[in-house]
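Chemist: Input: one structure, supplied below.
The values are calculated or read from the model by the stated rules, or taken from the named source; none is laboratory data. Remember, predicted model here, so these are calculated numbers, not experimental data. Cβ coordinates were reconstructed from backbone atoms using ideal geometry, including for glycine residues, and neighbour counts include every protein chain displayed. Surface accessibility is based on the protein's heavy atoms, side chains included, excluding ligands, DNA and RNA. Shrake-Rupley method; radii C 1.70, N 1.55, O 1.52, S 1.80 Å.
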Amino acid sequence: MLISIIGQGYVGLTISVYAAEHYSVIGYDNSEKVVSQLNRGVSHVEGVDNSLLQILIKSGRYKATTDVSQIKNSDLVVIAVPTPLTSDRKPDLSFIESACKTIGENISKRVLVINESTSFPGTLRNFIKPMIERYSSSPTEHLYAISPERVDPGRGDFNQKNTPRLYAGLTPEAAELTRDFYSKFCDKLIEVSSPEVAEAAKLFENTFRQVNIALVNEFAQITHALGISVRETLEAADTKPYGFMKFSPSAGVGGHCIPVDPTYLATAAEELGVPATFIRRANEVNLEMSDYVVRRIVDDNGGSLQAKRVLVVGVAYKSNVADVRESAAELVIKQLRARGAVVSWHDDLVSNWNGESSVPLNKADITVVITKHDSVDEQKILESAPYVFDTTGKVASNHGL
Ligand SMILES: NC(=O)c1ccc[n+]([C@@H]2O[C@H](COP(=O)([O-])OP(=O)(O)OC[C@H]3O[C@@H](n4cnc5c(N)ncnc54)[C@H](O)[C@@H]3O)[C@@H](O)[C@H]2O)c1
């Protein structure tokens with residue numbers, strides 16, 4: 001079987017290397033930079049080893065391409081393109097539309113199309129299928145299925161093989177073929193009764209995280225006002241063996257999923273006349289955390305940050321990855337600068353970002369830890385400034401969340 005995977009980012013490349021152990025895989029991406037790097041055997045995704053990529057390329061089981069004609073003879077196509085928000089924070093399906101155009105214009109034989117991109121319920125049935133049909137030059141009836149991706153980049157204990165996968169087809173045949181495809185490299189597959197259930201489950205998983213992170217971020221503000229430690233209080237609550245799940249406070253949520261996916265759910269709800277007030281408020285609470293963190297730092301430092309040298313440690317959205325999408329560090333840095341601070345940042349995994357470069361862990365007046373990678377020495381952070389505000393719980397400072 002020839003499998004084409006549209007989009008070779010975190011999701012698409014990860015699925016490509018697992019699938020390439022069993023099938024011939026074409027990784028189609030419209031970025032020259034991504035494709036040429038991949039074909040040199042260099043992975044840009046945590047969890048995808050260069051050595052494995054090189055073996056797969058050498059054996060002919062995997063090839064990245066920007067040449068759309070290469071997907072022509074595919075038997076199965078996976079969509080793994082971004083689903084971000086527009087500038088006015090609405091779902092942006094333009095990447096999915098462009099992937100549908102690619103499929104419609106280039107594949108004339110009957111194939112199974114599986115969507116792995118996250119989107120609102122109804123996307124497969126009411127958007128992807130009609131969009132591919134609109135762009136198709138022949139009246140071929142493709143098969144359609146959904147299997148939302150749950151990969152957590154940088155995570156060691158759960159991967160494609162041992163993370164249970166949901167799936168559903170628009171028809172029983174599509175569902176059966178989807179099961180056959182994933183069963184080669186995924187231990188547990190769970191079929192649900194419709195694509196809409198799978199799409200909604202994925203959105204709810206990330207909304208659950210968004211809401212609970214917001215709750216714990218609000219709780220961090222309450223415990224600080226009470227003069228008690230939020231982390232000790234959470235550990236105490238976590239001794240209850242049932243009915244509690246621990247989340248940790250932070251400067252905000254980042255990444256492609258948690259700050260974005262709940263908005264897809266809220267928008268879908270509101271279009272149906274259901275107010276998604278709780279989901280909307282959770283998003284706001286998390287976005288407001290950067291302001292809370294900066295206010296705490298101002299209060300602890302005599303009410304002004306004017307001309308203070310502030311070092312921000314970790315600008316990636318979470319530890320041990322280089323992904324800066326929607327990172328809370330961006331908002332924190334913006335607010336520190338708005339208050340007159342002279343801000344530099346240290347993150348060896350990110351190195352270059354927003355036209356700036358990572359600086360060494362130099363001496364500063366104030367250090368703010370937003371993300372702590374394992375490779376960054378805790379002692380060096382503590383020695384970098386007389387005042388260290390830690391938002392991660394991983395640096396033994398007297399100030400922080
Ligand atoms: N990153 C995660 O941890 C994660 C986890 C679960 C689900 N998802 C979802 O998976 C989807 C993909 O996310 P990602 O993190 O892999 O994105 P990404 O930005 O890492 O990768 C997307 C890739 O698609 C390419 N691309 C964009 N439009 C294209 C097109 N029309 N044709 C070909 N290539 C195109 C881009 O060049 C890029 O390389 C999103 O819907 C996301 O919400 C992501």
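Chemist: Quick one: work out the % antiparallel among DSSP beta bridges in the chain, nearest 5. It would help to have the intermediate numbers written out before the result.
Modeler: On the way: 5 of 44 bridges.
Beta bridges within the chain, antiparallel portion: roughly 10 percent.
Chemist: How big is the range 134-216 in terms of Cα radius of gyration and Dmax, in angstroms?
Modeler: 15.5, 53
Chemist: Continuing with this model, one more query. Can you list which of the GluC sites (Glu not before Pro) found in the range 90-152 are DSSP loop residues with at most 14 other C-beta atoms within 10 Å?
Modeler: Values: sites: Glu97, Glu105, Glu116, Glu133, Glu141, Glu149; in loops: Glu116, Glu141, Glu149.
Here the GluC sites (Glu not before Pro) that fit, given the DSSP loop and packing criteria, are Glu141.
Chemist: Based on Cα coordinates alone, diagonalise the gyration tensor for the range 3-149, multiply each eigenvalue by 5, take square roots, and list the semi-axes in whole Å, largest first.
Modeler: On the way: eigenvalues 121, 66, 33 Å².
Working through the eigenvalues yields semi-axes of 25, 18, 13 Å.
Chemist: Can you show me the helix-derived [θ] at 222 nm for the chain, built from DSSP H runs with n ≥ 4 at -39,500 (n - 2.57) apiece and divided by the number of residues, rounded to the nearest 500.
Modeler: -12000 deg cm²/dmol
Chemist: For the range 305-401, what does the convex hull of the Cα positions come to per residue, in cubic angstrom?
Modeler: Cα convex hull per residue, to the nearest whole number: 87 Å³.
Chemist: Dimensions of the range 264-352 along principal axes (Cα, Å, largest first)?
Modeler: Its Cα atoms span 50, 32, 17 Å along the three principal axes.
Chemist: Something else about it: Tell me, what HN-Hα J-couplings in whole Hz come from the Karplus equation 6.51 cos²θ - 1.76 cosθ + 1.60 at θ = phi - 60° for each residue of the range 208-219, using x for Gly and Pro?
Modeler: After applying 6.51 cos²θ - 1.76 cosθ + 1.60, I find 4, 5, 4, 5, 6, 5, 4, 4, 6, 5, 5, 4 Hz.
Chemist: At a 10 angstrom cut-off on C-beta neighbours, averaged per residue, how do the peptides 71-81, 9-19 rank from highest to lowest?
Modeler: 9-19, 71-81
Chemist: Given a 1.4 Å probe, how much area per residue of the range 151-258 is accessible, in Å²?
Modeler: On a per-residue basis, 52 Å².
Chemist: Per residue, how much accessible area does the range 312-401 show when a 1.4 Å probe rolls over the protein heavy atoms, in square angstrom?
Modeler: Accessible surface, normalised per residue, equals 44 Å².
Chemist: Tally up the carbon and sulfur contribution to the accessible surface of the chain as a whole percent, 1.4 Å probe, everything protein left in place.
Modeler: C and S fraction of accessible area: 52 percent.
Chemist: Over the range 1-86, give the accessible area per residue in Å² for a 1.4 Å probe, as an integer.
Modeler: Per-residue value: 41 Å².
Chemist: Relative contact order for the chain using alpha-carbon pairs under 8 Å, separation at least 6, rounded to a whole percent?
Modeler: 10 percent
Chemist: Quick one: what are the phi-derived ³J(HN,Hα) couplings along the range 306-312, Karplus 6.51/-1.76/1.60 with θ = phi - 60°, whole Hz, x for glycine and proline?
Modeler: These are the phi-based 3J(HN,Hα) values: 3, 6, 6, 7, 10, 9, 9 Hz.
Chemist: Leaving out same-chain residues fewer than 8 places away, which lysines sit with a Cα under 26 Å from that of Lys72?
Modeler: Output for Lys72: Lys33, Lys58, Lys63, Lys101, Lys109, Lys129, Lys184.
Chemist: While we're on this one: How big is the equivalent ellipsoid of the chain along its three axes, where each semi-axis is √(5λ) from the Cα gyration tensor, reported in whole Å from largest to smallest?
Modeler: Equivalent ellipsoid of the chain: 41, 24, 19 Å, largest first.
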